[in-house]
Each structure stands twice: as structure tokens, then as C-alpha cells.
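What follows is calculated from the coordinates using simple rules that are stated; it is not laboratory data. Since the model is a prediction, treat every value here as computed from it, not as a measurement. FYI the Cβ positions are ideal-geometry reconstructions off the backbone, even for glycines, and counts take in every protein chain you see.
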Amino acid sequence: MKPLRATFAIVAVLFLVVLAVSPLKDYLREWKKYQTGYNSLVAGLPQRVKPVDIGIRQVWVQKLDRVDRCVTCHLGVKEPALHAALEPYRTHPRIYHDVDDLGCTFCHEGQGAATEYRESVGNVKYWDRPILPRAYLEASCAKCHRENDVPGAPVLNLGRKLIRESNCAGCHRLEAYQKQWIPALDGIGEKVNRTWLVAWLKHPKAYAPSTKMPDFLLSDEEAGTLADFLLSFRTFPREAVLDPLPAALTSPGDAQKAKLVELGATKFREARCISCHPINGKGGYVAPELGKIASKVGEQWLYNYVKQPKRLQPGVLMPRYRFSPEELAGVVAYMESEFVDYDMEKPAPHTPDPGFYEKGRALFKKYSCGGCHGLPGMARAEETGPDLSAIGAKKLYEIDFGRSGIEQTLPSYLKTKLLTPHVFGESMKMPQFGFREDEAEAIAVALLGNTGDRIPPDLIVPATPQSAFAPQGEFGKLVDDLACLGCHVMNGRGRLVATDLSLEAGQARRTWIEGYFKIPYSLRPVLTERMPNLFLSDGEIKTLVDYMETSFIADTLEHAVPSDPTAAAIGRGLYYERYGCQSCHQIGAKGGYVGPPLDKLAVRLTPGWIFHWLKNPQGLKPGTIEPNNNLSDAEADALAAFLLSLK
Amino acid sequence: MRETFRAITRSQAWRSVFRHGLPLSNRTRAEAVFYNFFLHVHPAKVRRRSLKFTYTWGLGGLSAGLFIVLVASGALLMLYYRPSVQQAYGDMKDLQFVVSSGQFLRNMHRWAAHAMVAMVFLHMLRVFYTGSYRPPKEFNWVIGVVLFVFTVLLSYTGYLLPWDQLAYWGISVGTNMARSVPFGLGERISFLLLGGNIVGENALVRFYVLHCFVLPVAAMVLMGIHFWRVRKDGGV
């Protein structure tokens, strides 16, 4: 009986100890330490900050069905006096949202219900959405913000831009992204030579570092077969055929050729091709590299393309220049003589493998080339890659990290996948885009925002509506032919490389616009993207300006500026003394370089525009750095009168 | 001291509870057993060899003890837990992070439940090997088997209540197994258990009621009969 009693006694004591551990653990909870720490911190501050009562604190966000207890330890979130304190007490950086309104985990992710550091960060078993690393925080903005430019979220905006430009939606299901214009491959057999095509398919960026075409890491054999397959497509859309080269280009004498090249060089410069096309990396960014174009495309194709770009590639945003037949031949001759890749091997005769068509077609399908490029007789590939519309909620156990050896988190997976898609397995079909590290991070941010969470409708900032503006009639034809929307925006349509023309006629005088088409000098000559000279006829210019005068105006811009010399004199005082405009603008070659010179302002701008611009520059051009000086009407009138007197 | 003790035992209040005198004679000793609710299940006589610890290993008593632990900790958990799809998981997280000793309560309930299943099973094994199911105790063996089934069912119904992925799929698998009962009964059983065709709000409430009321009460009634029979048959 004795040993049994002893056992009973020992077990009883053991149970008592076990029972005592729990209240003890309760008493020594982690957050209590932080709260007493906070109270002693604020007691030592020069400012008066209220200490907190010890106890769990939480933010309950009813509309999001969330309870966040982060504020149990992050006690200084709303206390400006703690902006320099160490975490967890530091003030929250200024953002547009209030912690009481949205809570913490809606943006930061992590486990809001937790009251322990490790659990709240959420890198624990059974918690699928751990806290977002700082570099990826803007992902959460995307949950509600569907608009084009999210204020204060540069990384997200960059990521979305890259997703659009890289045409991720060509292969992946991605809501809110549309397929970009990418040249269809009709007639490619008449356009490029095989040597170039094989090299291009193997390493696109070796030819044009700025190209959006990714590297599919093809083998020599694959690239050769695919090239043979592609080169068998020799017909152009809508049964267009290449015009023969003019005699000036086929059999010129040496002297004649030199003259032709010289004329072409002049016209090439006047047309400002480099506003859009980079040449060996220098120049614009919206169009393809031209530095070695003569070794890429055939002369006949080049001649036909410059003559009528949209005939060979419908939808391309290249203007049809109004070159005379001689000028056109000159430009082509100049490009043929100047933009040659001297390192490229001479195209050798080549007989394709007998099964090249079937094999090439299989490769075209395997690598989902049709996700981006149209090809006659091939259906556009629909979303051959994984669905990315809820990638931000992907669970860790669903991801195969392979032998990559990277940190096992969703952000690091996405970033690594974008940088080096093939580290997760040899069979991965995703090509290498050659993103920089910050670009990969930005894209990962934009993707992580696709959580598929249900968001209350009143929180959603809807996508910027697509403008349905489509000019009709003669003006519409010209806008299409000249690809104006490739650089300009009109009533919300177009790509903003140059200026928004929606109020152009309210801003600039008719005579000035007409003159500008003839000699498009730049207001700021340092810019690369300057207006090209399209060599328009007077009739075409009249059509364009007539339309602008009726459509690109606003009644609100009407304003009569006094023309008496006293007003101008007051304005001069305001210009030089009161507001010091000369620190940024030049008059008579004196003043700063930040803004455009104002000498001949009266020739260019309408009085109404000047007045309203002075009153509220951002109202007319959001984001301009011209300061809003809160001028009174009288001051704006006087200043406008002064500027208009400078003729 | 002795005077005080005597005064207490002679008081009206004391004598209304303990109607017999101090167990000094055989008669009063027998009365003490007969009139006491807790002692009356004891057998009139016990064989010496069945008192040996290594004969029973105390497994039945341990099972009963764990049942008491489970009832006590379960009652406390019921104070914080609400069987609704919206709140169940959050309530569990609150128990973990906010309620004083909440995590301890959950763990105690969970481990005691696991231990009880093991103990009841071992108890059955012991009864089998000592041949204690033989007449006249065959009916009590049957009750014991039913109690074992109740223990397992209690364990299973409790599985759904945290309303996490493990619970959801555990119950999905379980009710799908019930679905394969032949003669068209499977669908009906599954429907009855879930209160519908999917694991949802109705299933949660049903499992909650089964877990916290129906099964424990039924188990307690059967345990009463079980213990009574054990004692009357000369066991401990």
C-alpha cells in the first residue's frame, strides 16, 4: 500500500504544478510587457501622452468583419509625439486611411486576432495570409483601388504598367488587363531574313535591349524550326501585296545614290523618327529599335511600310508621313545604308527540314506565341498560363518551390518566378522577361493585390472608365492615318507621350497651331519625344484645326483680359516683384530654365487660357509643377495683360 | 474540539443530511452505505482479488474521471463558443489569444478527449482478457460497448466545432462515408446528420447539440447503469 500512496502524492503534486502553469503563463503574457514598456516610455517624454490601462485593445471593423488586436502592442499608432519611437510604439506613417476605419490586417495582412508577436505576423502553421513584407505593402491598395493611377502607390502603379506592357494577360487570366497591340505575324516571311529571325528568337534583347519580347530560352534546333515555320507565312492582311521598289532604289548610280542618301538623312531628321524609335538605345521608347533595321527587314518591305504602315500592319501606331516619292526613296536609302548590323552573318542558303511546318506549329503552340502574336490560320491562344486572378490568396502548400532554395513565402515566389522562371523546374514554359529586381517586385505587388477577397462595394474605387471617343469624318481618318493617339490623348483616348489635346483649341491660337504643324519646334528642346514633322498639306492642316476649333474647346475658358497699358504695368510688377516668376521662366533670355520661355506667349496662347492657368494651373493640367499662387481675379488679369503685351 | 464536533453532528442540519449515526457499529456502517448516494452503488461484499490494482488497472475509473474533466472543461468552453459559421472560428481564436487560460482549457479538453478514447478502449481490452463479460455480466458488456461507441461519437462530433479546414474536411469525409450505407439509407443518414446536403450552418448546430447535450446525457445515463451493475456484480 505504501508505494501506491507515494505515487498518488507525487501525481497530485504534479497535477497541481500543471494547473499552476496556466495562470502563470496568463500573468506573463507578452503584450503586458509591451504595455508597461509603453507607459514608462511616455512617462519620460517631454510631451504629455496619456498612459494606457493594461488590457487587450482591439479595432473592430464591422464592414470588413475583422477584429485586429495589433493595437494592443502598437500603442502609439495615432500618437504623433511618438514619430521617432522604436517599434512597436511608433506613430503610423501618414496615409489616407484611418486605422479605426479599416483596421490593420486589411492592408498589412497577418493574423489580427492574435496577441502574440509570432502569431500576429502569421508565419505560423494554419495561417494562410502572413504579414506582407514592407516592399510588397502596396499590394493591398489594389484590393479596392482599381483606378489607373493610385495616389501614393508608385510601386503598384509601376507593376500594373509592366503587366500591361508585358502583356501578361496574353497567357494568364487577369481581370482588368486588356491585350496590348502586338504586331501580328502576317507576311513575316516577306519581312525579315532567317539569320536575323533565328538570332531574334533565341535572344530578342541582344538585338533590341528595349524590346518587350521575352526570351523563351529556345535551343538552336527549336529556334531554327520555329523560324522556318514563321517564314512560311508570306501573305499580308486584306490581301495587300508589296509594291515594287522604285527605279531610284534598284539601280542608282553612285552619285545619284549619295544624293538620295543625303536627302533621306535630312528628311529622317526632320520627321523626328527618334521621337518614337530608339536608335542603338537612344531616342524614344514607344516604337521598336531602328539601329540595325536594315539587317532585319528587307528593303522592299521597309519601302512599303514607310509608305503606308497600316497597310502591312493594321492597328500599328505609326503615322503615314507625307513624303514625296523621291523623299520616300531617300529615307529608305538612308536607312539601308546607315542602320546595318555589320556583325551579322551573311544570310546563307537554307533548306528547311521536311517536317518543319508541323514541328514549328507545335512549338508555336507549346510556347503560346499566339498569346501575343496573331498568325493567319492560328487561333489566338487563350490563357494557357495559370489563372492569376486570385494569386494573392494562393496558399503556401499549393506552391512547388522545387529546388530553388528561396525563402518560402508567396512574395518571394512571385518575384523569383518573374526574374528566373526556370529555377522552379526545367519544364516551366514561362519565358524570361529580363525584368530588373525592382520591376519584378512591382509586378509581384500588383499580382498580390489580386486576392479575390470580397470587398464592400462602397470601398471600391472603380477602374477609370475607358473613353469611347472615336473621331469621325475627315478628321477621324487623319487621326487614324497619322496615329495621333499614339502620342496624344483626346477626350480620354490615346497614349500620353506628348500632350493632352482635349482642350487644345481653347489653349492655343489657330494661327499658332497651323504654324506648328508646318514647323513643329519644341517648347522644351531638351525633350526626346518631340512632335515630328508629318509634312502635311495645307488642306489637311485646315481639316485638323477646323475640327479642333469646334471640339477641343471649353466655354469655361472664355475670358476677356484688359488690354490697357496700366494693367500690363501692374502685371509687370507682379511678375518681377511680387511672385518672382523670372526664377523659373525666361523673358528676353533672362530668367530660369524650369518653365518654358514666355517671350512669344501672346502668339501661342489664348487670353482665356492664360487667365485660367494663372488662377489654377492644376485645374487645367493635373500634376503640373506650376505653383498655384491663389491670385485674385484682378491680379490674374493684370499678369495676363502683361504677358500678352510681350509680342 | 470534541465538544464542537459533537455539537455539529447532533445539530438538526447535520442530521437532516446524514440520517444515520457515526459508523461505529456494523448496523450504522451498513446504513452509511445504503443511505449515501455515492456509496450506495458499492457492492455489499467485494472479493479480495478484485481489489488488486493489477487486476483492473483502474481503467474504468480513469475513463470516468476523464469524462468528468471533459464535462467540466467543456462547460467552461461553452461560455465562449458560439456554434455559428460567422463566429465559431473567431471564438476559438479568442479562446487562444484573449480568454484567461483559454488555451489551457482547449488543450485540456482536447487531450482529455484523446485520452478518454484510449482509456475506454484499454478498459474494454482488460474486460475481455479477464473474461469479465461472461454471465452474469453479459448485459453490462453490451452497455459498455454502447458507451464506447458514444465516446467515439463524442470525439467525432467535437471535431467539427472549431470550424477550420481540418474540421470541415473531416466531417465532409465522415458524412460521405455515411452516404455509402446501402438500401438508399445513406443519403438520408447523411442528410439527417448535416441538416442538409453540405457541411454548413445546420451541420454545425446539429453537431454542437449532439456534442454538448444529446450524447453526454445519454452517456451519463448509461454510465449510471454501467456502474450500478458493476457494483452489484461484485466489482469495484
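With a ≥ b ≥ c the root eigenvalues of the C-alpha gyration tensor of the stretch A:473-553, is it rounded (a/c under 1.5), prolate (a/b larger than b/c) or oblate?
Rounded, because the longest to shortest axis ratio a/c is under 1.5.
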So for the protein assembly as shown, taking the charge dipole from beta-carbon charges (+1 Lys/Arg, -1 Asp/Glu), which of A:328, A:260, B:198 sits furthest toward the positive end? B:198
Taking every DSSP bridge whose two residues both lie in the protein assembly as shown, the antiparallel percent to the nearest 5 is 85
Inter-chain Cβ neighbour average for residues B:88-98, partner chain, 10 Å: 4
Surpassing 26 Å at the alpha-carbon level, of the pairs A:395/A:429; A:33/A:63; A:542/A:590; A:212/A:518, are A:33/A:63; A:542/A:590; A:212/A:518
Please check which bits of the stretch B:220-236 a label hung off residue B:48 would reach, taking the label as a point 7 Å along Cα-to-C-beta and the cut-off as backbone N under 20 Å. B:234-236
Candidate cut points under GluC sites (Glu not before Pro) in the stretch A:299-401, DSSP loop plus at most 11 other Cβ atoms within 10 Å of their own Cβ, are A:345, A:382
On a 0 to 90° scale, report how tilted helix B:59-78 is relative to the longest principal axis of chain B, with both axes built from alpha carbons and the result rounded to the nearest 10. 60
Set A:205/A:365; A:600/A:621; A:161/A:310; A:365/A:477 screened for pairs whose C-alpha atoms are more than 28 Å apart: A:365/A:477
Within the stretch A:190-252, report the trypsin sites (Lys or Arg not before Pro) that DSSP leaves as loop and that have at most 13 other Cβ atoms within 10 Å. A:234
If r is the Cβ-Cβ distance from residue A:45 to residue B:198 and R0 is 51 Å, what FRET efficiency results, to the nearest 0.05? 0.35
Dipole of the protein assembly as shown, Cα-centred, from +1 at each Lys and Arg C-beta and -1 at each Asp and Glu C-beta, to the nearest 20 debye? 6300
Along its principal axes, what span do the Cα atoms of the stretch A:262-421 show, with the longest given first and each in whole Å? 66, 42, 32
So what is the relative contact order for the stretch B:60-232, in percent, with contacts set as C-alpha pairs under 8 Å and at least six apart? 23
Report Rg(Cα)/(2.2 N^0.38 Å) for the stretch A:374-481, keeping two decimals. 1.51
Do you know the relative contact order of the stretch A:1-138, to the nearest whole percent, from alpha carbon pairs under 8 angstrom that are 6+ apart? 16
Farthest toward positive dipole pole in the protein assembly as shown [+1 Lys/Arg, -1 Asp/Glu at C-beta], among B:66, A:463, B:180: B:66
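Suppose R0 equals 22 Å; then what is the FRET efficiency for residue A:633 and residue A:566 from their Cβ-Cβ distance, rounded to the nearest 0.05?
0.85
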Per-residue counts of other Cβ atoms within 10 Å, averaged by peptide: what ranking do you get for A:621-628, A:66-73, A:529-536, highest first? A:66-73, A:529-536, A:621-628
For the protein assembly as shown, evaluate the Debye formula with one uniform point scatterer on each Cα (no solvent term) and list log10 I(q)/I(0) at q = 0.06, 0.07 Å⁻¹, rounded to two decimals. -0.69, -0.84
Mind grabbing the base-10 log of I(q)/I(0) for the stretch B:60-232 at q = 0.08, 0.14 Å⁻¹? Debye formula, identical points on the C-alpha positions, no solvent, two decimal places. -0.29, -0.82
Calculated FRET efficiency, residue A:90 and residue A:220, Cβ-Cβ r, R0 45 Å, to nearest 0.05? 0.20
Dipole magnitude (debye, nearest 20) for the stretch B:88-201, charges at Cβ of Lys, Arg, Asp, Glu: 420
Which semi-axes, in whole Å and largest first, does the equivalent ellipsoid of the stretch B:86-147 have when worked out from the alpha carbon gyration tensor as the square roots of 5 times its eigenvalues? 39, 12, 7
Provide, in order from the shortest bin, the percent of all Cα-Cα pairs of the stretch A:13-97 in each 5 Å bin, continuing until the bin that contains the maximum pair distance. 3, 12, 19, 19, 15, 12, 8, 6, 4, 2, 1, 0
Is the stretch A:557-644 best put as rounded, prolate or oblate by its Cα gyration tensor, with a ≥ b ≥ c the root eigenvalues, rounded for a/c under 1.5, and otherwise prolate when a/b is larger than b/c, oblate when not? rounded
Count of Lys pairs (Cα-Cα under 30 Å; at least 8 positions apart or interchain) in chain B: 5
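Which whole-number percent gives the relative contact order of chain A, counting Cα pairs below 8 Å spaced six or more residues apart?
Dividing the mean separation by the residue count of chain A yields 12 percent.
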Taking placed amide H atoms and a strict 5 Å upper bound, the residues 5 or more places from residue A:66 or on another chain that come that close are A:61
Have a look at A:92, A:193, A:55 and report the one farthest towards the positive end of the charge dipole of the protein assembly as shown, computed about the Cα centre with Cβ charges (Lys/Arg +1, Asp/Glu -1). A:55
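Only Lys, Arg, Asp and Glu count, each charged at its Cβ (+1, +1, -1, -1), so figure out the dipole size of the stretch A:219-268 about its Cα centre, rounded to 20 debye.
For the stretch A:219-268, the charge dipole is close to 480 debye.
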Here the whole-number average of other chain Cβ atoms within 10 Å per Cβ of A:19-27 is 3
Run through the stretch B:1-56 and list the trypsin sites (Lys or Arg not before Pro) located in a DSSP loop whose Cβ has at most 15 other Cβ atoms within 10 Å. B:10, B:19, B:45, B:47, B:48, B:52
What does a probe at residue A:322 reach in the stretch A:540-557, counting residues whose amide N is under 18 Å from the point 7 Å along Cα→Cβ? A:540-549
